[in-house]
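Worksheet for the structure shown next.
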Amino acid sequence: MSSLINMLHDGRSGGSGTRSSLLGPFYRQDSPHRKLGDSIATEEGGPEICIYGRVVNEWDEGISGASIEIWQCDDEGMYDLQKLDPSMMDLRGRFHADEKGRFYLRTVRPLGYLIPMDGPVGDMIRAQQRHGYRPAHIHFLISAPGYRELVTALYLRNDDHIESDTVFGVTEALMTETQLRDLSSPILYLPSIRFDFTLGTAAAGDASGRVGADPSQITTGALVLAHH
């Protein structure tokens, strides 16, 4: 259902901009601010990679100062909310593009994972004779004043489950893979992923591309409603 909403949401934009993907249940809106080139891996080791590219508008012009939020699981398929104390953050960060819309950062290569299969979700997936795995992916939330907010993810093409994502989040336009000898990379000694994100111009009342929210905000809202 979430993926269907994403498709309808993309359709309203007239096809301009990078394809959206699922926000997912692990987004946290207070990711730490980091400098270009920093690593978002503060607690985990694992194979390091570089991610770089540009944030541009529909005319391929760089968007100066665009905000780039990124979050992902580790090289064992676990998010910080699953492994660490809730007060701690790992594999998250907020960067700002330079004056030409360029960005780059370091992280670890994520691993695909099995979603929780207990409860009614697991029952539904088993009834459909599906496996419950998500392919390795990296989440992004990108925004800039005057542009439509983009929620998307990059999916690693060589993952075993790239063609059968259990939540139907993968599209061909969002598939990518690390390159070993990318002479354009700002960090030459690391495998790299190059991806340019395009933001569509925001229409009145249509500045956000989010389908979902920070879980802590959902919990807070539920508590407020219960109190009243």
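The values are calculated or read from the model by the stated rules, or taken from the named source; none is laboratory data. Quantities reported herein were computed from a predicted structural model and do not represent experimental measurements. Cβ sites come from the backbone with ideal geometry, for glycine too, and all protein chains shown count toward neighbours.
Annotations for the structure displayed:
Yes/no matrix, rows are residues, columns are (1) without any contact (Cβ under 8 Å) to a residue 60 or more places away in the chain; (2) hydroxyl-bearing (Ser, Thr, Tyr); (3) touching a Gly at 6+ places or on another chain (Cβ under 9 Å):
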| site | (1), (2), (3) |
| --- | --- |
| Asp85 | yes, no, no |
| Tyr104 | no, yes, yes |
| Thr107 | no, yes, yes |
| Asp118 | yes, no, no |
| Arg130 | yes, no, no |
| Leu141 | no, no, yes |
| Ala153 | no, no, yes |
| His161 | yes, no, yes |
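- Residue in the range 179-197 that is aliphatic (A, V, I, L, M), closer than 26 Å to Gln129 by Cα, at pLDDT 95 or above and surrounded by 13 or more Cβ atoms within 10 Å (Cβ to Cβ) present: no
- Residues of the range 142-173 that turn out to be crowded, with 18+ Cβ neighbours inside 10 Å and not in a loop (DSSP other than H, G, I, E, B), as a count: 10
- Single match in Thr178, Thr166 (criterion: under 25 Å from Ala66 (Cα atoms) and either in contact with an Asp or Glu (Cβ under 7 Å, 6 or more places away or on another chain) or among the β-branched types (Val, Ile, Thr) (or both)): Thr178
- Residue pairs meeting the criteria (Cβ under 7 Å; at least 6 apart or on separate chains; first part of a strand (DSSP E or B), in the range 189-203; second of a type in the set (Asp, Glu)): Ser192/Asp182; Arg194/Asp182; Thr198/Glu58; Thr201/Glu58
- Residue within the range 154-169 that is closer than 19 Å to Val55 by Cα and either in contact with a Phe, Trp or Tyr (Cβ under 8 Å, 6 or more places away or on another chain) or modelled with pLDDT of 95 or more (or both) present: yes
- Restricting the range 21-70 to residues that are aromatic (Phe, Trp, Tyr) and buried (at least 20 other Cβ atoms within 10 Å of the Cβ), the residue that is modelled with the highest pLDDT is Tyr52.
- Of all residues in the range 71-83, those satisfying the criterion of being out of contact with any Cys (no Cβ under 8 Å at 6 or more places or on another chain) and crowded, with 16+ Cβ neighbours inside 10 Å are Trp71, Gln72, Cys73, Asp74, Asp75, Met78, Asp80, Leu81.
- Inclusion of Glu99 among residues that are over 25 Å from Ala173 (Cα atoms), modelled with pLDDT under 95 and surrounded by fewer than 20 Cβ atoms within 10 Å (Cβ to Cβ) is not warranted.
- Failed item, numbered, when Leu8 is tested on (1) surrounded by 13 or more Cβ atoms within 10 Å (Cβ to Cβ); (2) modelled with pLDDT under 90; (3) aliphatic (A, V, I, L, M): (1)
- Those strands (runs of 3 or more DSSP E) of the range 40-104 in which 1 or more residues are polar (S, T, N, Q), within 19 Å of the chain's Cα centre (by Cα) and under 13 Å from Leu199 (Cβ atoms) occupy 67-72.
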